[in-house]
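Data block below; observations after.
The values are calculated or read from the model by the stated rules, or taken from the named source; none is laboratory data. As the structure is a prediction and not an experimental result, all values here were calculated from the model. For neighbour counting, all protein chains shown are included, and Cβ atoms are generated from backbone atoms with ideal geometry for every residue, glycine included.
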Amino acid sequence: MQSKFPEMEPRILEQWQGITNLVAKLCRVPAALIMRQNDDTMEVVSGSEHPDSPYQVNEKAPLNGDLYCETVIKTQKLLHVPNALKDPVWDHNPDIELGMISYCGVPVNWPDGTPFGTLCILDRVEKHSTDEEKDLLNQFARIIELTLELLVSNRRFENLSLQDGLTGIANRRLFDVVLKREWAQSHRLKLPLSPLMCDIDFFKNYNDSLGHVQGDECLKQVAEALSAVSKRELDLCARYGGEEFAILLPNTEPKQAFELAEQCRRAVAGLQIPHPSSAVCDVVTISIGVCTMTDSGDVSETALIRAADQALYRAKQGGRNRVEICPTVS
Ligand SMILES: Nc1nc2c(ncn2[C@@H]2O[C@H](COP(=O)(O)OP(=O)(O)OP(=O)(O)O)[C@@H](O)[C@H]2O)c(=O)[nH]1
(Lines give C-alpha, C1' and ligand atoms only; values in the text may rest on other atoms or scores of the structure.)
Protein backbone atom coordinates (compact mmCIF):
# COMPACT_ATOMS: atom_id res chain seq x y z
CA MET A 1 0.00 0.00 0.00
CA GLN A 2 1.26 3.53 -0.74
CA SER A 3 2.06 6.07 1.97
CA LYS A 4 -1.55 6.83 2.54
CA PHE A 5 -2.63 10.07 0.92
CA PRO A 6 0.53 11.87 -0.15
CA GLU A 7 0.36 15.52 -1.11
CA MET A 8 0.29 16.03 -4.85
CA GLU A 9 3.13 18.19 -6.12
CA PRO A 10 2.08 21.53 -7.74
CA ARG A 11 3.68 20.59 -11.08
CA ILE A 12 1.62 17.36 -11.14
CA LEU A 13 -1.58 19.25 -10.35
CA GLU A 14 -0.73 21.67 -13.12
CA GLN A 15 -0.33 18.82 -15.61
CA TRP A 16 -3.58 17.21 -14.43
CA GLN A 17 -5.38 20.51 -14.86
CA GLY A 18 -4.27 20.46 -18.48
CA ILE A 19 -5.49 16.87 -18.83
CA THR A 20 -8.97 17.51 -17.42
CA ASN A 21 -9.40 20.63 -19.57
CA LEU A 22 -8.33 18.72 -22.68
CA VAL A 23 -10.48 15.66 -21.93
CA ALA A 24 -13.54 17.88 -21.36
CA LYS A 25 -12.90 19.67 -24.63
CA LEU A 26 -12.27 16.53 -26.70
CA CYS A 27 -15.33 14.72 -25.24
CA ARG A 28 -17.45 17.88 -25.46
CA VAL A 29 -18.61 17.76 -21.82
CA PRO A 30 -18.53 20.41 -19.10
CA ALA A 31 -16.94 18.19 -16.45
CA ALA A 32 -13.83 16.03 -16.67
CA LEU A 33 -12.51 15.07 -13.25
CA ILE A 34 -9.58 13.29 -11.64
CA MET A 35 -10.98 11.83 -8.43
CA ARG A 36 -9.12 10.36 -5.49
CA GLN A 37 -10.56 7.91 -3.00
CA ASN A 38 -9.67 8.72 0.61
CA ASP A 39 -10.59 6.78 3.74
CA ASP A 40 -14.25 7.77 3.67
CA THR A 41 -14.54 10.35 0.93
CA MET A 42 -14.16 10.77 -2.81
CA GLU A 43 -12.25 13.96 -3.56
CA VAL A 44 -11.96 16.12 -6.68
CA VAL A 45 -8.21 16.42 -7.23
CA SER A 46 -8.50 18.15 -10.58
CA GLY A 47 -11.48 19.37 -12.59
CA SER A 48 -12.03 21.02 -15.97
CA GLU A 49 -12.38 24.78 -15.82
CA HIS A 50 -15.74 24.99 -17.57
CA PRO A 51 -18.50 27.42 -16.53
CA ASP A 52 -21.05 24.59 -16.59
CA SER A 53 -19.12 22.26 -14.31
CA PRO A 54 -20.52 22.26 -10.76
CA TYR A 55 -17.39 20.64 -9.26
CA GLN A 56 -14.68 22.38 -7.26
CA VAL A 57 -11.16 21.10 -6.65
CA ASN A 58 -10.76 19.65 -3.11
CA GLU A 59 -14.51 19.12 -2.85
CA LYS A 60 -15.31 15.81 -1.14
CA ALA A 61 -18.32 13.52 -1.27
CA PRO A 62 -18.83 10.89 1.44
CA LEU A 63 -18.45 7.29 0.29
CA ASN A 64 -21.83 5.63 0.55
CA GLY A 65 -21.97 3.14 -2.28
CA ASP A 66 -23.99 5.47 -4.51
CA LEU A 67 -21.14 7.24 -6.26
CA TYR A 68 -20.25 6.27 -9.83
CA CYS A 69 -16.54 6.40 -9.01
CA GLU A 70 -16.96 3.91 -6.17
CA THR A 71 -18.28 1.38 -8.67
CA VAL A 72 -15.39 2.05 -11.07
CA ILE A 73 -12.86 1.55 -8.29
CA LYS A 74 -14.59 -1.53 -6.94
CA THR A 75 -14.97 -3.26 -10.31
CA GLN A 76 -11.73 -1.83 -11.78
CA LYS A 77 -13.65 -1.42 -15.01
CA LEU A 78 -14.91 1.39 -17.17
CA LEU A 79 -18.42 2.49 -16.14
CA HIS A 80 -20.70 4.13 -18.67
CA VAL A 81 -24.04 5.58 -17.56
CA PRO A 82 -25.60 7.44 -20.51
CA ASN A 83 -28.59 8.66 -18.51
CA ALA A 84 -28.82 8.02 -14.77
CA LEU A 85 -32.44 9.23 -14.75
CA LYS A 86 -33.40 6.17 -16.76
CA ASP A 87 -31.57 3.73 -14.49
CA PRO A 88 -33.03 3.17 -10.97
CA VAL A 89 -29.64 1.87 -9.75
CA TRP A 90 -28.51 5.52 -9.63
CA ASP A 91 -31.62 6.97 -7.95
CA HIS A 92 -29.57 8.10 -4.96
CA ASN A 93 -26.59 9.38 -6.88
CA PRO A 94 -25.67 12.86 -5.57
CA ASP A 95 -24.45 14.01 -9.01
CA ILE A 96 -28.04 13.97 -10.25
CA GLU A 97 -28.86 16.67 -7.71
CA LEU A 98 -26.11 18.73 -9.30
CA GLY A 99 -27.80 18.24 -12.65
CA MET A 100 -25.17 15.82 -13.95
CA ILE A 101 -26.99 12.83 -15.41
CA SER A 102 -24.45 11.09 -17.61
CA TYR A 103 -21.15 9.55 -16.58
CA CYS A 104 -18.22 7.68 -18.07
CA GLY A 105 -15.19 6.86 -15.92
CA VAL A 106 -12.12 4.61 -15.76
CA PRO A 107 -9.96 3.50 -12.84
CA VAL A 108 -6.60 5.10 -11.98
CA ASN A 109 -4.21 3.09 -9.79
CA TRP A 110 -0.97 3.56 -7.89
CA PRO A 111 2.06 1.73 -9.35
CA ASP A 112 1.57 -1.17 -6.93
CA GLY A 113 -1.96 -1.67 -8.20
CA THR A 114 -3.83 -0.21 -5.21
CA PRO A 115 -6.62 2.17 -6.24
CA PHE A 116 -5.92 5.89 -6.50
CA GLY A 117 -9.28 6.94 -7.94
CA THR A 118 -10.74 7.65 -11.37
CA LEU A 119 -10.67 9.79 -14.47
CA CYS A 120 -14.22 10.55 -15.50
CA ILE A 121 -16.50 12.79 -17.53
CA LEU A 122 -20.00 13.99 -16.62
CA ASP A 123 -22.66 15.88 -18.54
CA ARG A 124 -26.00 17.55 -17.93
CA VAL A 125 -27.58 15.75 -20.88
CA GLU A 126 -27.89 12.13 -21.96
CA LYS A 127 -24.60 11.12 -23.52
CA HIS A 128 -23.56 7.94 -25.25
CA SER A 129 -19.80 8.02 -25.10
CA THR A 130 -18.12 6.76 -28.26
CA ASP A 131 -15.43 4.08 -28.36
CA GLU A 132 -12.92 6.83 -29.19
CA GLU A 133 -13.92 8.75 -26.06
CA LYS A 134 -13.60 5.61 -23.93
CA ASP A 135 -10.20 4.96 -25.47
CA LEU A 136 -9.20 8.56 -24.77
CA LEU A 137 -10.15 8.18 -21.09
CA ASN A 138 -8.12 4.96 -20.84
CA GLN A 139 -5.10 6.56 -22.51
CA PHE A 140 -5.16 9.59 -20.24
CA ALA A 141 -5.65 7.37 -17.18
CA ARG A 142 -2.35 5.63 -18.14
CA ILE A 143 -0.64 9.04 -18.36
CA ILE A 144 -1.96 9.93 -14.90
CA GLU A 145 -0.66 6.60 -13.60
CA LEU A 146 2.76 7.40 -15.07
CA THR A 147 2.88 10.64 -13.11
CA LEU A 148 1.90 8.71 -9.97
CA GLU A 149 4.80 6.36 -10.68
CA LEU A 150 7.15 9.34 -10.92
CA LEU A 151 5.78 10.77 -7.69
CA VAL A 152 6.37 7.48 -5.86
CA SER A 153 9.94 7.08 -7.17
CA ASN A 154 10.78 10.70 -6.33
CA ARG A 155 9.51 10.20 -2.78
CA ARG A 156 11.54 6.99 -2.52
CA PHE A 157 14.73 8.74 -3.63
CA GLU A 158 14.06 11.67 -1.31
CA ASN A 159 13.61 9.28 1.61
CA LEU A 160 16.74 7.34 0.73
CA SER A 161 18.82 10.50 0.61
CA LEU A 162 17.64 11.45 4.09
CA GLN A 163 17.99 8.03 5.67
CA ASP A 164 21.04 6.34 7.13
CA GLY A 165 21.75 3.25 5.04
CA LEU A 166 22.88 1.06 7.93
CA THR A 167 20.40 1.83 10.70
CA GLY A 168 17.40 3.09 8.71
CA ILE A 169 16.97 6.14 10.95
CA ALA A 170 17.40 9.77 9.81
CA ASN A 171 20.85 10.73 8.61
CA ARG A 172 22.92 13.83 9.36
CA ARG A 173 21.48 15.64 6.35
CA LEU A 174 17.92 15.27 7.59
CA PHE A 175 18.98 16.19 11.12
CA ASP A 176 20.51 19.43 9.85
CA VAL A 177 17.38 20.30 7.86
CA VAL A 178 15.08 19.62 10.83
CA LEU A 179 17.41 21.43 13.23
CA LYS A 180 17.26 24.56 11.08
CA ARG A 181 13.47 24.39 10.89
CA GLU A 182 12.91 23.65 14.60
CA TRP A 183 15.47 26.24 15.66
CA ALA A 184 13.62 28.93 13.68
CA GLN A 185 10.27 27.78 15.07
CA SER A 186 11.53 27.67 18.68
CA HIS A 187 13.10 31.07 18.27
CA ARG A 188 9.90 32.56 16.90
CA LEU A 189 7.57 31.00 19.48
CA LYS A 190 10.04 31.33 22.36
CA LEU A 191 9.98 27.61 23.02
CA PRO A 192 12.82 25.52 24.44
CA LEU A 193 14.79 23.32 22.05
CA SER A 194 17.02 20.53 23.36
CA PRO A 195 19.55 18.58 21.31
CA LEU A 196 21.18 15.44 22.75
CA MET A 197 24.51 14.22 21.39
CA CYS A 198 25.10 10.53 22.12
CA ASP A 199 28.26 8.52 21.50
CA ILE A 200 28.98 4.83 22.05
CA ASP A 201 31.73 4.27 24.59
CA PHE A 202 34.97 2.63 23.47
CA PHE A 203 33.47 1.69 20.16
CA LYS A 204 36.87 1.46 18.51
CA ASN A 205 37.76 -1.27 21.01
CA TYR A 206 34.43 -2.95 20.27
CA ASN A 207 35.19 -3.09 16.55
CA ASP A 208 38.78 -4.13 17.16
CA SER A 209 37.83 -6.99 19.44
CA LEU A 210 34.61 -8.24 17.81
CA GLY A 211 34.93 -7.12 14.21
CA HIS A 212 33.26 -4.55 12.00
CA VAL A 213 30.24 -6.69 11.15
CA GLN A 214 29.41 -7.08 14.83
CA GLY A 215 30.06 -3.34 15.17
CA ASP A 216 27.45 -2.62 12.50
CA GLU A 217 24.96 -4.88 14.26
CA CYS A 218 25.58 -3.01 17.50
CA LEU A 219 24.98 0.35 15.78
CA LYS A 220 21.63 -0.92 14.47
CA GLN A 221 20.49 -2.03 17.91
CA VAL A 222 21.57 1.23 19.55
CA ALA A 223 19.74 3.23 16.84
CA GLU A 224 16.59 1.22 17.47
CA ALA A 225 16.79 1.70 21.23
CA LEU A 226 17.33 5.47 20.95
CA SER A 227 14.50 5.84 18.44
CA ALA A 228 12.17 3.93 20.72
CA VAL A 229 12.84 6.37 23.56
CA SER A 230 12.58 9.58 21.51
CA LYS A 231 9.13 8.71 20.25
CA ARG A 232 7.16 11.98 20.49
CA GLU A 233 5.93 13.09 17.08
CA LEU A 234 8.31 16.04 16.84
CA ASP A 235 11.37 14.26 18.26
CA LEU A 236 14.02 13.28 15.74
CA CYS A 237 16.64 10.63 16.30
CA ALA A 238 19.45 10.61 13.71
CA ARG A 239 22.76 8.95 13.07
CA TYR A 240 25.03 11.96 13.22
CA GLY A 241 28.29 10.31 12.27
CA GLY A 242 30.08 6.95 12.69
CA GLU A 243 29.13 5.92 16.24
CA GLU A 244 27.50 9.19 17.17
CA PHE A 245 23.74 9.79 17.34
CA ALA A 246 21.88 13.08 17.73
CA ILE A 247 18.39 13.50 19.11
CA LEU A 248 16.45 16.70 18.71
CA LEU A 249 13.72 17.45 21.22
CA PRO A 250 11.57 20.44 20.29
CA ASN A 251 9.58 22.17 23.02
CA THR A 252 11.52 20.33 25.73
CA GLU A 253 12.74 21.97 28.97
CA PRO A 254 16.21 21.14 30.39
CA LYS A 255 14.78 18.86 33.10
CA GLN A 256 12.74 16.77 30.65
CA ALA A 257 15.68 16.65 28.23
CA PHE A 258 17.94 15.35 30.99
CA GLU A 259 15.36 12.73 31.98
CA LEU A 260 14.99 11.58 28.38
CA ALA A 261 18.78 11.42 28.01
CA GLU A 262 18.90 9.22 31.12
CA GLN A 263 16.24 6.98 29.61
CA CYS A 264 18.34 6.71 26.42
CA ARG A 265 21.43 5.82 28.41
CA ARG A 266 19.55 3.18 30.40
CA ALA A 267 17.88 1.80 27.25
CA VAL A 268 21.25 1.19 25.57
CA ALA A 269 22.81 -0.38 28.66
CA GLY A 270 19.60 -2.42 28.96
CA LEU A 271 20.27 -3.99 25.57
CA GLN A 272 22.98 -5.96 27.39
CA ILE A 273 25.22 -6.15 24.32
CA PRO A 274 28.47 -7.70 25.62
CA HIS A 275 31.46 -5.33 25.27
CA PRO A 276 34.52 -7.28 26.43
CA SER A 277 36.95 -4.44 25.70
CA SER A 278 35.13 -1.55 27.39
CA ALA A 279 36.95 0.06 30.30
CA VAL A 280 33.71 1.15 32.01
CA CYS A 281 31.24 -1.69 31.76
CA ASP A 282 30.95 -5.21 30.40
CA VAL A 283 28.08 -4.20 28.10
CA VAL A 284 27.77 -1.48 25.44
CA THR A 285 27.06 1.95 26.93
CA ILE A 286 26.71 5.50 25.65
CA SER A 287 27.68 8.93 26.89
CA ILE A 288 25.33 11.85 26.28
CA GLY A 289 25.66 15.62 26.18
CA VAL A 290 22.48 17.67 26.60
CA CYS A 291 21.89 21.32 25.96
CA THR A 292 18.75 23.48 25.90
CA MET A 293 18.08 26.75 24.17
CA THR A 294 15.54 28.38 26.42
CA ASP A 295 14.95 31.93 25.35
CA SER A 296 14.89 33.96 22.19
CA GLY A 297 18.56 34.77 22.61
CA ASP A 298 21.17 34.92 19.92
CA VAL A 299 22.46 31.38 20.07
CA SER A 300 22.76 29.90 16.60
CA GLU A 301 21.88 26.29 15.84
CA THR A 302 25.58 25.60 15.32
CA ALA A 303 26.44 27.03 18.74
CA LEU A 304 23.64 24.97 20.29
CA ILE A 305 25.03 21.73 18.85
CA ARG A 306 28.56 22.75 19.82
CA ALA A 307 27.41 23.27 23.41
CA ALA A 308 25.77 19.82 23.49
CA ASP A 309 28.97 18.37 22.00
CA GLN A 310 31.02 20.00 24.75
CA ALA A 311 28.72 18.45 27.34
CA LEU A 312 29.27 15.09 25.61
CA TYR A 313 33.00 15.61 25.84
CA ARG A 314 32.64 16.24 29.59
CA ALA A 315 30.56 13.05 29.92
CA LYS A 316 33.43 11.15 28.27
CA GLN A 317 36.01 12.84 30.48
CA GLY A 318 33.88 12.28 33.55
CA GLY A 319 33.96 8.49 33.15
CA ARG A 320 31.52 7.68 30.27
CA ASN A 321 28.15 5.86 30.55
CA ARG A 322 26.71 9.10 31.86
CA VAL A 323 24.72 12.21 30.92
CA GLU A 324 26.16 15.73 31.20
CA ILE A 325 24.19 18.90 30.73
CA CYS A 326 25.64 22.18 29.60
CA PRO A 327 24.51 25.39 31.22
CA THR A 328 21.35 26.56 29.52
CA VAL A 329 22.08 28.73 26.52
CA SER A 330 19.85 31.62 25.59
N1 LIG B 1 31.35 -1.08 12.69
C2 LIG B 1 31.32 0.21 12.43
N3 LIG B 1 32.18 1.02 13.07
C4 LIG B 1 32.15 2.33 12.84
C5 LIG B 1 31.24 2.89 11.93
N6 LIG B 1 31.44 4.22 11.91
C7 LIG B 1 32.43 4.50 12.77
N8 LIG B 1 32.88 3.35 13.35
C9 LIG B 1 33.98 3.17 14.30
O10 LIG B 1 33.71 3.84 15.50
C11 LIG B 1 34.97 4.00 16.19
C12 LIG B 1 34.97 5.30 16.90
O13 LIG B 1 36.11 5.35 17.67
P14 LIG B 1 36.60 6.60 18.51
O15 LIG B 1 36.13 7.87 17.83
O16 LIG B 1 38.07 6.48 18.72
O17 LIG B 1 35.84 6.54 19.85
P18 LIG B 1 35.59 5.36 20.88
O19 LIG B 1 36.49 4.21 20.67
O20 LIG B 1 34.12 5.08 20.83
O21 LIG B 1 35.97 6.02 22.23
P22 LIG B 1 35.16 7.03 23.12
O23 LIG B 1 34.18 7.74 22.22
O24 LIG B 1 36.18 7.95 23.67
O25 LIG B 1 34.49 6.25 24.19
C26 LIG B 1 36.04 3.88 15.11
O27 LIG B 1 36.77 2.70 15.31
C28 LIG B 1 35.27 3.78 13.81
O29 LIG B 1 35.88 2.93 12.87
C30 LIG B 1 30.35 2.01 11.23
O31 LIG B 1 29.52 2.38 10.41
N32 LIG B 1 30.42 0.69 11.53
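Of the residues that make up segment 258-265, is at least one buried (at least 18 other Cβ atoms within 10 Å of the Cβ), in contact with a Phe, Trp or Tyr (Cβ under 6 Å, 6 or more places away or on another chain) and in the same structural domain as L193 (by TED's automatic domain parsing)?
no
Tally the residues that are near the ligand (Cβ under 7 Å from one of its atoms) and either among the acidic types (D, E) or without any contact (Cβ under 8 Å) to a residue 12 or more places away in the chain (or both), restricting the search to segment 209-224.
2
Can you find, within segment 189-208, the residue that is nearest to the ligand (Cβ to nearest atom) among those that are closer than 15 Å to L271 by Cβ and part of a helix (DSSP H, G or I)?
F203
Which one is surrounded by the fewest Cβ atoms within 10 Å (Cβ to Cβ) among residues in segment 155-207 that are among the basic types (K, R), out of contact with any helix residue (DSSP H, G or I) (no Cβ under 8 Å at 6 or more places or on another chain) and at negative phi?
Residue satisfying both the conditions and the ranking: R188.
Do you know which residues across segment 111-140 are surrounded by 17 or more Cβ atoms within 10 Å (Cβ to Cβ) and of a type in the set (A, V, I, L, M, F, W, C)?
Listed by number, the residues that qualify are F116, L119, C120, I121, L122, L136, L137, F140.
Restricting to segment 111-127, name every residue that is at pLDDT 95 or above and charged (D, E, K, R).
Across segment 111-127, the qualifying residues are D123, R124, E126, K127.
Mind counting the residues in segment 226-269 that are within 16 Å of the ligand (Cβ to nearest atom), not in a helix (DSSP H, G or I) and not charged (D, E, K, R)?
Residues that pass the stated criteria total 6.
Every residue in segment 105-122 that is in a strand (DSSP E or B) and within 14 Å of T75 (Cα to Cα), please.
Correct list: G105, V106, P107, V108, N109, P115, F116, G117, T118.
Do we find a residue being in a helix (DSSP H, G or I), under 30 Å from the mean Cα position of the chain (by Cα) and over 18 Å from S129 (Cβ atoms) anywhere in segment 73-82?
Yes; the residues of segment 73-82 include at least one that is in a helix (DSSP H, G or I), under 30 Å from the mean Cα position of the chain (by Cα) and over 18 Å from S129 (Cβ atoms).
Test each condition in (1) assigned to a loop (DSSP other than H, G, I, E, B); (2) among the small types (G, A, S); (3) at pLDDT 95 or above for A279 and report the one that comes out false.
(3)
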